[in-house]
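Inspection log for the structure reproduced underneath, given as C-alpha cells.
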Amino acid sequence: MSENILEVQDLVVRYDTDFESVHAVNGISFHLERKQTLGLVGETGAGKTTTAMALMRLIPSPPGRIINGQILLDGQDIMTISEKEMRQIRGRKISMIFQDPMTALNPVLPVGDQIMEVVQLHNKGMSKAEATRQAMRMLEMVGITAERFKEYPHQFSGGMKQRVVIAIALACSPELLIADEPTTALDVTIQAQVLDMMRKLKDELGTSMILITHDLGVVAEACDVVAIMYAGEIVEYGTLEQIIERKKHPYTIGLFDSIPDLDTDVHRLKAISGLMPDPSNLPEGCKFHPRCPFCTEACKTGEVPVAEVEPGHLVKCLQFAERGQEA
Amino acid sequence: MLKYVIKRIISMIPVLLGVIVIVFTLMYVSPGDPAALKLGTEATPEAIAQLRAEMGLDRPYLVQLGDYILGVITRFDLGESYRTGAEVSAEIVGRIGITLKLAFISMAVGSVLGIALGILSAVKQYSFIDKIMTVFALFGISTPSFWLALMLILAFSVNLGWLPASGSYGLRYWILPCATLGYQAAGIIMRMTRSSMLESIRQDFVTTARAKGQTEGKIIVRHVLRKALIPIITAIGNQFCYLLGGAVLVESVFSLPGLGKYLVDGISNLDFPAVTSSVLVIALISVVVMLVLDILYSFVDPRIKATYQGDALFKARKKALKEGGEVAHDSKQ
C-alpha cells in the first residue's frame, strides 16, 4: 500500500482528426495522498475532463489517444495493464461521477438495477438478494428511501438523480473517486446539499477524491490540494492554503480576482482579458502569455520550467523560475 | 393503462368504418359490371339486368353501402362472393392462415437478421463490415420483391433444384417466399437498428456503464440496444402490416393461396364483397398490430408508460378542478 493513492507523471492526451490535432492535456504531473481531496480547477476547455477520462482510461479512441504518461493507482501502473484488468479496476478502485445527472443514467432501467449492476460486476458470486440489499443500502446512504429502488430516472429530480449517480460511484467503496463538476448542472440550493453529502460519504468510506470544478467556492469548501489548469497544463499546484493565501501564477490571481467581493463597491466585474487559446493551435512559450499582464519577451518562446516557490507549492511561470535561480 | 387500451380499441371503430367506405366506394365507381362479367359476353341485356337485381346492384349506392356495413356490424356477415357464391368470411378464414404464416415467418427471419446485423454495423461504424452491411441492406430495400422472388426461384429451384418453386405443402415450400420477404424486412430493420443504436451509443449513460467496469458486449445489449428498441419495434410493426397487404406479389409468384392473392383475384373479377372484406380484415389486423406496438412501447420505455398514465392523471385533475375548484395536493410529491 503506497502512501499516494495516485501519481500521475507527464500525462499527454491528444485528439487527432484528419484536419487538426487537439492538444487537450500537455504533460501534467500531480499526486494525491490517501483520503485527501484534490481540486482540479480551470476554465471550460482547460483539459480537466480529459484528464479525468484518461485516469479512467476511457478516452474515446479514435480520435483520442494517450500519447505519453504514467498513471500509478495505488502503486500499480494502469497504463500498461490490459483492458480486461482495467475493467476490474473501474467501478471498484476508481469510479467517476459525471457532470450531467440528466443523461448519466439509463432512462429505461430502474435506478436500483443500475446500482446493482456495479455491485454485481465487482462481487462475483454475490447472490442477487445480497446485491439488492447492498444497492438499497447505497440508496439510503445518499438520502433516498429504499422504496424508490424500482423507480426510473425520469421519476427523480436532478438533484436526486445526481444522488443516484453518487450511489453508483460509491457502491463498491472505491479508493479514488473522480467527481467531474458534480454540482454544475444542479440548482444552487441543491449544490451545497450534494457537496456536503459527498464530503460526508467520502470521509465515511475513506475515499480519496479528485474534484473537478470551475467554482472556486466549491474548491475552498471541499479541497485539501488544488491544481489550477490552463490550456492542458497545471500552472499552479499547492495546498488549499497556499493557493488561496499565497497564489503566485498570474492566471490564478486573475481567476480569484474575477470573483466579486461583497465588501467593496464595484461597477463591473473584473475579468481576465482575452480567451482561452484554441487547443489545436496553442501559442509558443507560456500558453498564458497572450493574456498575461506581466508578459515579457522571454515568455513568448521556449518551455516554461516549473518552480517550487515553497515546499509543495509549484508554479509554472517564468517570473518565479528566475527568482528561484537567483535565490 | 387499461383505460388507455380501451380508449384505443374504441378509436379503431371509425378507422375501420372509414376503410369500408373508401374501399366500397372505390369498387362502386370502378368501371365494369360484375353481373355482365359473370354472365360472359353472350349474355342478353335482360339477363344482365335480372342478375343485377338479384345481386342487389340496382339499388342506390348508399343503400348498398349501408346494407354491407349493417351486415358486418350486426351479423359479422362479409357478404357472398360474386365469383364463387361462397361466404366471403369462410374464404378469408381459409386463406388468412397462409398470409399470417408467411408474414410471421418472414418477420421473424427479418427481425433476427436485421437486428443482429444492425448491431454489428453500428458497433463497427464506418468499418469494412459496416459498408458491406449497408450495401446488403440497400439491396434488400430497393429490390422489387417479385424480381427477387423470380431470381431465387431461378437459382434454387430451376438451376440447383434444391427447393420447390410453388405450392404450400410443407416446410420446404416456405423457405423461398419467406426468404424473399424476410430479406426485404431485414434491410429496413437493419438500417433502423443501426441508426437508432448509433444515437444511443453516444449518450452519457454508456460512459457511466463503462465507468462501472461493464464489458462492451453487455453495454451494447443491456444499455444501448434497450434504449434503441423503440424505433426498431416500430419498424418491425410497420413491416408486418406492410407484409399483410404487400405479400400479394410474392404470393402470386409462389402460387400461395393467401389473402393477398384472393384480394388480387377479387379485384380483377370485380368481386366487391371479397375485395372490401379482404381490405377490412387487413386493416383490422393492422390496427391491432399498432395497438400491440403501443402497449409494447410502454414496457420498453417507462417514460412512455408514464405519459399514458399521465394523460389520465391530467384529465382527472382537470375534471376535479372544474368540479371542486381546488385539487388536493399529491402527498407523494
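Readers should treat all values here as calculations from the given coordinates under stated rules, not as data from a laboratory. Note that the structure is a prediction, hence the values are computed from the model and not measured. Cβ: placed from backbone, ideal geometry, glycine included. Neighbour counts: every protein chain shown.
Before moving on, here are some points about what is shown:
- Size of charge dipole - segment B:98-260 - debye, nearest 20, with Cβ of Lys, Arg +1 and Asp, Glu -1, no other charges: 560
- The ellipsoid equivalent to the alpha-carbon distribution of the protein assembly as shown has semi-axes of 69, 29, 23 angstrom, derived from the gyration tensor eigenvalues as √(5λ) and listed largest first.
- Two-site label geometry, B:SER166 and A:GLU130: point separation in nm, points 7 Å out along Cα→Cβ: 6.7
- Distance (nanometres) between label positions extended 7 Å along Cα→Cβ at A:MET197 and A:ARG34: 2.8
- Shielding of peptide A:104-112 by partners, expressed as the average count of other chain Cβ atoms within 10 Å per residue Cβ, is 6.
- In this simple spin-label model, placing a label point 7 Å from the Cα along the Cα-to-Cβ direction at both A:GLU83 and B:GLU87 gives a separation of 6.3 nm.
- Charged-residue dipole, Cβ positions (Lys, Arg, Asp, Glu), the protein assembly as shown about Cα centre, Debye nearest 20: 1860
- Fewest-first sequence of A:THR264, A:THR296, A:THR145 by Cβ atoms within 10 Å of each Cβ: A:THR264, A:THR145, A:THR296
- Among B:GLY18, B:GLY187, B:GLY56, the largest mean-square fluctuation in a Gaussian network model of chain B, built with springs joining Cα atoms closer than 10 Å, belongs to B:GLY56.
- 5 angstrom amide H check on A:GLY39, placed H, neighbours 5+ away: A:LEU211, A:ASP224, A:VAL225, A:VAL226, A:ALA227
- Cα Rg, Dmax (largest Cα-Cα span) when computed across chain B, Å: 25.5, 86
- Applying 1/(1 + (r/R0)^6) with R0 = 60 Å to the Cβ-Cβ distance of A:LEU269 and B:VAL288 gives a FRET efficiency near 0.40.
- Zone of A:PHE294's modelled label, taken as backbone nitrogen in segment A:213-234 under 19 Å from a point 7 Å along Cα→Cβ: A:227-231, A:233-234
- Cα-centred dipole magnitude for segment A:94-226, charges only on beta-carbon of K, R (+1) and D, E (-1), debye, nearest 20: 480
- Taking every DSSP beta bridge that has both ends in the protein assembly as shown, the antiparallel portion is near 65%.
- Relative contact order [Cα under 8 Å, 6+ residues apart], segment B:98-260, whole percent: 37
- Between the residues A:GLY312, B:ILE141, B:SER252, the greatest Cα displacement towards the positive end of the dipole of the protein assembly as shown, with unit charges on the Cβ of Lys, Arg, Asp and Glu, is found for B:SER252.
- The protein assembly as shown, helix-only ellipticity at 222 nm - DSSP H runs n ≥ 4, -39,500 (n - 2.57), divided by all residues, nearest 500: -17500 deg cm²/dmol
- Taking amide H as placed 1.01 Å from N in the peptide plane, A:VAL25 has its amide H under 5 Å from the amide H of A:VAL13, each at least 5 places away in sequence or on another chain.
- Spread of Cα-to-Cα distances over 10 Å intervals beginning at zero, given as percent, for chain A: 5, 24, 32, 24, 11, 3, 0
- Globularity index of segment B:98-260, i.e. its alpha-carbon radius of gyration over 2.2 N^0.38 Å: 1.17
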